[in-house]
Structure formats: C-alpha cells, structure tokens
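The values are calculated or read from the model by the stated rules, or taken from the named source; none is laboratory data. Keep in mind the model is a prediction, meaning the values are calculated, not measured. Every residue, glycine among them, receives a Cβ derived from its backbone with ideal geometry; neighbour counts consider all protein chains shown. Please note that ligands, DNA and RNA were not included when accessible areas were found on the heavy atoms of the full protein model with its side chains. Shrake-Rupley method; radii C 1.70, N 1.55, O 1.52, S 1.80 Å.
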Amino acid sequence: MEWELLGYKSYPFSVNPISINTLELFTGHSEEIRICKNVLTDKNIRLVIEGARGVGTTSFANYLKFSSQKKHQYFALRDEISVEKRWNLESLLTAVISTIIREFEINYEKEVRKNKVFLEAKSLSYRLSEAYNSFGITAFSVGGNYGKTSAITQPTFVPSTTLGHHLKDLGALAVKLGFKNGILVQLNNLDLNVIHTEEHLEYLFNAARDYFQIENISWLLVGDVGLRSFIARRVDRLDDIISDAITIKSLTKPLYHELIDKRLNYYQANKNTIFPIGKDVFDYLYDLTNGRLRYIFGLIYALTNRLHIGKLIQNISIELAKTTITTLAQERIQNFNLTRGEIILIKALAKQGEADVSHLSELMKKNRTVVSRMLKKLLTDKLVDVQQQGKQRIYFTSLDAKIAFLEL
C-alpha cells in the first residue's frame, strides 16, 4: 500500500508499540501513569504491568520507561526482553546484559569504549553469544527475540552469580552516565499458559528473585491478566518485593476516538486528506475486538490491503467492512481443517464469550477429557486463547474464530 498517494507519510496504525520517537501518540491511562511515575521515583523497583493481549501493555511500559529516560531518572533499553518459554536464569540474565551492552554502545560509545566495566561485560556477552550459537541456539545480538527457536532446555555456560556481578556493575555505570536510578529493564511475554507453563514461570521467578534486587537495576514485568495473582499465589518470595501492580484495560470509546484522531493527524501529509475508513467502521472494530488496539490496527491494515484502497475503492462502508472482515477470517479458519466437534466447541465458546473446561463439557455434553484434548489442539492452532484466573483456566475464542463463527 502506497500511503503517500493517499496523503499519509506512512500507515497511521502500525501494530508496533510506541517508541521513544512517538511518545506523543500515547493516549489515556492517566491515573495508571500517575501511580507508576510515583513508583519510578524510587530506585530498584519491581513493577508488574498486566492486561489482556492487544490492549497496549507494551506501549504503556514503553511510555513509562522512555519518559523516565528523558528526565534522566533511568537509562531505558529501547528493546524489551521477550522472555521465551525455555529460558533458564542464566539465559535471561545473558539476554539482559547483552541488550544493555548494545544500548550503551549505540548511545554512549565515546563514554564507554575504554571503560573497564563495559569492556569486560561486552567481552563476556560476545563469548556467551558464540557459545549459544555453537550449541545451536539463535543468538540475541539483535534484540529481544533470543531463544525463540530453541527446542531444548538451554545450558548454563557462566554461573548466574558472575552474570549478576556484571549486571550490578552496569547499573553503577548507568548512574555514572547521569541516570539517577540506574537501568530500567522491561521483561515481556510473561503470559501464563500461552508462552509459559506455571511451573516454568514459577521456577524462573524464584531463581531470579535475588537478581531482581540488584542495586541500580529496576524491572517492569509485563504480562497477561493474572500475572500479579500468579506471583502472589505461587511465588511468595517475589511477591514480598513487588513494588506495585497495574492492570491496563482497553481505552474508553472517547479516548479511543482521541487516539484515532491523534494518529491520523500525526501521519497526515496533506491537511485536506480524508482517511478512507469512517467513524462507524472504527466503532464497529472497537466493539468487535473489545477495544484491543493491536487487533483493531491489524484489521484496518487487512481491510485496506484486501480492498486495494486508492485503486479500486476510495472509501470503505460499514457493510463492506463487515463482509470483508468475515471473509478474511473464514479464509484463515479453513486452513486448519477443523473437525465437526472442534467447530461445535468454537461456536459454543464464541456464543458464551468465555468458559472453563467444566462449563464447556456441560454445553457440549461431552466428558472433560475429550473437551480438554480439543482445546489443546485449538490452543496450538491459536484459534482459542486462555487466561489464568486464580486457579481456573478460562478459555475464549481468538478474534478470527469469533468473527468466522459468531459474526455471520
């Protein structure tokens, strides 16, 4: 799509989280921001940020860390660390140290190039990267996706205590560079039963607990709804030292409209340009997705590309939007060759909104083992999602499944 021809500098609704260069696009959550900024005035904090996938937890965390960096409260890493499901403590600490090293080198090369602390940590980072590569694991030298393709438990090449000493030294170096509270690290992907099993996250948090208290290092722990209650229920050692926890919910409709206008104005190259999607379609997408911005922005992109906006069609009506979105969802669903039982389960879940295994078993008049087996497959296919609510696992349909089977 050539957005310049439509009067925009680029696509106004990128699904990428806001960055240090687009902070002005952040909208809403004023009370949550106030609370978190107060927490961030202290050193060595551990702040939990949770919310349903797609509502903007990463953008919220980015806004916090980049705003604090502008005030020289913290040195903030541009890339969040996406914690993968097979990481051990050493691979987590190695990923953090490597990201810090890269950020120092990019932003303060002149100041750190002869610094002993930096050079020793950099040397260790390179050695570990080579070791992990030799072991057959993708290195994380380009950011937070390290370990994503690993198919086995990751080995220990350097003791965690050694890595902890280097992390502490790097925190002190950040203070010397003028950042009052040291380094702010953002850990993403802390999603129970989607990325991590409870057992693995319990292990990782317990193992990392003492390292979360390293001087001049603070942490944003970002995950799905239920992360805070999981910590309280399963990781009491970490629970004792959590500074605060915030739940991010979808923007209200008025704030959503404000965000849409803000993005259109920001990317507009021509003041007379009118976006080809009207308010009625935006409102439909908000209701369809429960206000989850990442899903909304993804659907807008799919709509504009499928309908060849600017070439075949100039404006998208609400009727055309509904028909196109349903068609797209059905096309994707067809790729999975679902059984009749799986289709019945998805329809029941879509109609219900959310349910646990027991409720679904009653609705379908099937035993729990059969329903659990189907849910496991649908989770793998990403047609069903799950959230941990206390001791219960609550299931709900993916957006594609909801559209294909409920929005007809």
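Remarks
- Criterion: part of a loop (DSSP other than H, G, I, E, B) and either in contact (Cβ under 8 Å) with a residue 24 or more places away in the chain or acidic (Asp, Glu) (or both) - qualifying residue of PHE179, PHE282: PHE179
- Test: residue in segment 311-327 that is of a type in the set (S, T, N, Q), open to solvent by 50 Å² or more (accessible area, probe 1.4 Å), within 23 Å of GLY56 (Cβ to Cβ) and modelled with pLDDT of 90 or more: no
- Every pair of residues 6+ apart whose Cβ atoms lie under 7 Å, when the first sits in segment 377-395 and is farther than 14 Å from ALA355 by Cα and touching a residue at least 40 places away in the same chain (Cβ under 8 Å) while the second is in a loop (DSSP other than H, G, I, E, B) and of a type outside the set (Val, Ile, Thr): ASP381/PHE336; LEU383/PHE336; LEU383/SER398
Residue-wise test of (1) out of contact with any Cys (no Cβ under 7 Å at 6 or more places or on another chain); (2) closer than 25 Å to VAL175 by Cα; (3) open to solvent by 10 Å² or more (accessible area, probe 1.4 Å).
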position	(1), (2), (3)
GLU31	yes, no, yes
CYS36	yes, yes, no
LEU40	yes, yes, no
ARG46	yes, yes, yes
GLN73	yes, yes, yes
ARG78	yes, yes, yes
LEU92	yes, yes, no
PHE104	yes, yes, no
ALA131	yes, no, yes
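- Restricting attention to segment 219-262 and to residues that are acidic (Asp, Glu) and in contact (Cβ under 8 Å) with a residue 40 or more places away in the chain, the residue that is nearest to ARG294 (Cα to Cα) turns out to be ASP224.
- Apart from one condition, GLN352 fits all of (1) at pLDDT 90 or above; (2) within 24 Å of GLU50 (Cβ to Cβ); the exception is (1).
- Residue in segment 266-277 that is in a loop (DSSP other than H, G, I, E, B), open to solvent by 30 Å² or more (accessible area, probe 1.4 Å), touching a strand residue (DSSP E or B) at 6+ places or on another chain (Cβ under 7 Å) and touching a residue at least 60 places away in the same chain (Cβ under 8 Å) present: yes
- Top-ranked residue in segment 144-201 [being of a type in the set (Phe, Trp, Tyr) and modelled with pLDDT under 95; ranked as least open to solvent (accessible area, probe 1.4 Å)]: TYR146
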